[in-house]
Amino acid sequence: MTKSVGDAVEALRNDSLVALPTETVYGLAGNAASRTAVAKIFAAKGRPTSHPVIVHLPDVDAVPLWSHSVPSWAMDLVEQLWPGPLTVIVPRGSAVLDAITGGQPTVGLRVPAHPLTLRVLHEFGGGLAAPSANRYGQVSPTTAQHVVDELGTVLDPTHDLVLDGGRCPVGVESTIVGAWDDTPRLLRAGAVTAEQIAAITGREVSMATDGVRAPGTTTTHYAPRAQVVPVESTDLGTVLSTLTEEFGLIAPAHVPPPDADHRRLASPSTDSDYAHVLYAALREADDQHLPVVVAVMPPDTGVGHAVRDRLMRAAAGEATAP
């Protein structure tokens, strides 16, 4: 691991990969204008080539280099919320690589809110493709050590780097908004809510995707090896009565310890805290070889909506095999 921005920039200019911290999760970054670097990202993650990746930019002024037809409401949105946990899917520019977009006519753009990565972006002077720094479909990393644990045997130890920026403060991936016409479309939940989007744009937010593929929206995603069982707090007792072996429990702090053989993986006190600790708790379950994780879901409001989304996708099946 390294904390040198200069080393990271040099590696990126040489088409190597750098795991970078953002406010959401760690991303596996490469030069978004280089077919070689982008191919390395897909290979390291085991990511299907049809699945698009997000391009990270140094500031909003870089948007015209990647898209020439961003709706005015979308520009209002990013000017207020960037840097921050928001990605917009906009019509792609002519120079954008097909490998970035999965062959679609759109591209995902965002400006991350992490000081180290913003320094890298400004010094690098271009866009960085940076999906989450984990194997495809598995739990996203929120610390540099998570990246090393998962990709340490895949990354090139001579050229690829991990930039340690501490634990990610948000903890779940960015909100993704479709922005190719007059209607904002919520494609992936995150810390930026539909209510915020509607308030800033003055437009009703649609849940329709129009068939556009967006990162992290497959039915099964964010999955540990353990079986994840999301449950409403009112149903916890019923679910626990069916378990016959030790399990992991993620539950808000106000939920008392159950009279069952379990390990408490996290006790978040707020919805934001839940998002912050979720992925580390799922990774801890695998480290402890727990077969099942019972997760008491937060209310379906604010970032709690994003937490519920991640838990339901994790519960849809075991992690995609490398």
**OP:** Being farther than 20 Å from residue 4 by Cβ and in contact with a Gly (Cβ under 9 Å, 6 or more places away or on another chain) is the filter; apply it to the range 156-173 and report the residue that is surrounded by the fewest Cβ atoms within 10 Å (Cβ to Cβ).
**Re:** 170
Original post:
How many of the residues making up the range 200-212 are in a strand (DSSP E or B) and in contact with a helix residue (DSSP H, G or I) (Cβ under 7 Å, 6 or more places away or on another chain)?
Top reply: 0
Original post:
So is residue 308 within 28 Å of residue 102 (Cβ to Cβ), of a type in the set (D, E, K, R) and in contact with a strand residue (DSSP E or B) (Cβ under 9 Å, 6 or more places away or on another chain) or not?
Top reply: yes
**OP:** Have a look at 83, 64, 105 and point out the one that is open to solvent by 10 Å² or more (accessible area, probe 1.4 Å), under 16 Å from the mean Cα position of the chain (by Cα), modelled with pLDDT of 95 or more and not polar (S, T, N, Q).
**Re:** 83
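Residue-wise test of (1) basic (Lys, Arg); (2) surrounded by fewer than 20 Cβ atoms within 10 Å (Cβ to Cβ); (3) in a loop (DSSP other than H, G, I, E, B).
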position: 121; (1), (2), (3): no, no, no
position: 140; (1), (2), (3): no, no, yes
position: 154; (1), (2), (3): no, yes, yes
position: 181; (1), (2), (3): no, yes, yes
position: 197; (1), (2), (3): no, no, no
position: 214; (1), (2), (3): no, no, yes
Subject >> Selection within the range 60-87 - in contact (Cβ under 8 Å) with a residue 60 or more places away in the chain and in a helix (DSSP H, G or I) >> reply: 62, 65, 73, 74, 76, 77, 80, 81
Subject >> Selection from the range 123-138 of residues that are open to solvent by 10 Å² or more (accessible area, probe 1.4 Å) and at positive phi >> reply: 125
Original post:
So, of the residues in the range 41-59 that are open to solvent by less than 40 Å² (accessible area, probe 1.4 Å) and either among the acidic types (Asp, Glu) or part of a helix (DSSP H, G or I) (or both), which turns out to be nearest to residue 113 (Cα to Cα)?
Top reply: 41
Original post:
Among helices (runs of 4 or more DSSP H) lying entirely in the range 222-319, which contain 3 or more residues that are surrounded by 14 or more Cβ atoms within 10 Å (Cβ to Cβ), among the small types (Gly, Ala, Ser) and touching a residue at least 24 places away in the same chain (Cβ under 8 Å)?
Top reply: 271-287, 303-315
Original post:
How many residues does the range 256-285 hold that are of a type in the set (Val, Ile, Thr) and at pLDDT below 95?
Top reply: 0
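Mind counting the residues in the range 219-235 that are at pLDDT below 85 and out of contact with any Gly (no Cβ under 7 Å at 6 or more places or on another chain)?
Looking only at that region, the number is 1.
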Original post:
Given (1) open to solvent by 50 Å² or more (accessible area, probe 1.4 Å); (2) in contact with a Gly (Cβ under 7 Å, 6 or more places away or on another chain), where does residue 203 come up short, assuming only one miss?
Top reply: (2)
**OP:** Identify all residues within the range 7-40 that are open to solvent by 40 Å² or more (accessible area, probe 1.4 Å) and part of a helix (DSSP H, G or I); write none if there are none.
**Re:** 7, 10, 13, 35, 36, 39, 40
Original post:
Right, residue 90: hydrophobic (A, V, I, L, M, F, W, C), modelled with pLDDT of 95 or more, open to solvent by 40 Å² or more (accessible area, probe 1.4 Å) and not in a loop (DSSP other than H, G, I, E, B) or not?
Top reply: no
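Consider residue 112 carefully, then state whether it is assigned to a loop (DSSP other than H, G, I, E, B), touching a helix residue (DSSP H, G or I) at 6+ places or on another chain (Cβ under 6 Å), on the phi < 0 side of the Ramachandran plot and open to solvent by less than 50 Å² (accessible area, probe 1.4 Å).
In short, no.
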Original post:
So which pairs qualify, if the first residue must be in the range 89-107 and without any contact (Cβ under 8 Å) to a residue 40 or more places away in the chain, the second must be of a type in the set (D, E, K, R) and in a helix (DSSP H, G or I), the Cβ gap must be under 7 Å, and the two must be at least 6 apart or on different chains?
Top reply: none
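The values are calculated or read from the model by the stated rules, or taken from the named source; none is laboratory data. Here the structure is a predicted model, which means the values were calculated and not measured. FYI the Cβ positions are ideal-geometry reconstructions off the backbone, even for glycines, and counts take in every protein chain you see. We work out accessible area using only protein heavy atoms, side chains counted, and drop any ligands, DNA or RNA first. Shrake-Rupley method; radii C 1.70, N 1.55, O 1.52, S 1.80 Å.
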